[in-house]
Amino acid sequence: MAGAAGMNAAAPELRWWFWGLFAFVVVVGLGAAVTAPDPVTFGITDHQAAGTAARVDAIQTQWREGGVRPLAILAMIGDLVFIAIYGWGSWRAGRSFMPAGGRVRVIGAFIAAAALVFVLTDYTETVLQIIQLIADKGSDPLAASAATARPFKVLAWIVTFVGVPVALVMRRIDAGPLD
C-alpha cells in the first residue's frame, strides 16, 4: 500500500532544478575562463576561500594584471543568477517529493531545507566577494565571513545535488514492481 501512495503522488517538480544545473555549468565555465590566461592562476574558488584581505588583494591584483577582472565580475554576477535558479529549483524539487510520504518525504524535507541553507550561505559568500571585487580592495571581516560561509554552502549544495536523484530512486523503489 505504501508503494501505491508513492506513485499516486504528483510527479516531482524538477524543471527549475535542471535549469539550475544548466546555470551551474555556465557559471563554472565563466569561472574557468578567469584562469584561462597563462599568468592567472587564481580562480573564483580561491577568492571564495581567501579568508583574509591580503589574500583577496593578491588574487584581485593578479586578475587585474591578467586582464580578467571584468570576467571575474561577470562570473560573480552569473553566480547570483545561478543561486536564485538552483536554490528555487532545489526547494521546489524537495517540496514536491514530500507528498509521497515515508522516507521520500524525509529526503524531500532535507532537500528543501538544504536549498534554503544553500541560498543563504551562497548569497552571503558571493555578495561579500562582489563587494570586495568592486571596491578593488580586500576586507578581513568580509573575506573571513565569505570563507566561513563556503563549507556550509558546499555541503548544502551536495545535499540538493545528490538528494534529488536519491529521492527519485527511493520514490521508484517505494512504488514497487510495475504490473
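The values are calculated or read from the model by the stated rules, or taken from the named source; none is laboratory data. This structure is a prediction, so every number in the text was calculated from the model and none was measured. Because the Cβ atoms are built from the backbone with ideal geometry, glycine has one as well, and the counts that use them run over all protein chains shown. These accessible areas exclude ligands, DNA and RNA; they are computed on the full protein's heavy atoms, side chains included. Shrake-Rupley method; radii C 1.70, N 1.55, O 1.52, S 1.80 Å.
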Just to be sure, is Y123 free of Cβ contacts under 8 Å to residues at least 60 places away in the same chain and crowded, with 17+ Cβ neighbours inside 10 Å?
yes
Whichever residue in the stretch 157-179 is more than 23 Å from the chain's Cα centre (by Cα) and more than 19 Å from A10 (Cβ to Cβ) and, among such residues, is modelled with the highest pLDDT
P177
Out of all the residues in the stretch 1-25, which are surrounded by 15 or more Cβ atoms within 10 Å (Cβ to Cβ) and modelled with pLDDT of 85 or more?
P12, E13, L14, W16, W17, W19, G20, L21, A23, F24
For the stretch 79-100, give me the residue count where each residue is in contact (Cβ under 8 Å) with a residue 40 or more places away in the chain, crowded, with 17+ Cβ neighbours inside 10 Å and over 19 Å from the mean Cα position of the chain (by Cα).
3
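Determine, yes or no, whether W88 is farther than 19 Å from F161 by Cα, among the aromatic types (F, W, Y), modelled with pLDDT of 95 or more and in a helix (DSSP H, G or I).
No; evaluated as a whole, the condition is false for this residue.
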Looking at (1) without any contact (Cβ under 8 Å) to a residue 60 or more places away in the chain; (2) closer than 30 Å to G138 by Cα, find the lone condition where T52 falls short.
(1)
Across the stretch 36-78, which residue is most open to solvent (accessible area, probe 1.4 Å) among those that are closer than 21 Å to V154 by Cα and outside any helix (DSSP H, G or I)?
T52
Residue list for the stretch 120-149, filter: within 17 Å of the chain's Cα centre (by Cα) and within 22 Å of R64 (Cβ to Cβ):
E125, T126, V127, L128, Q129, I130, A146, A147
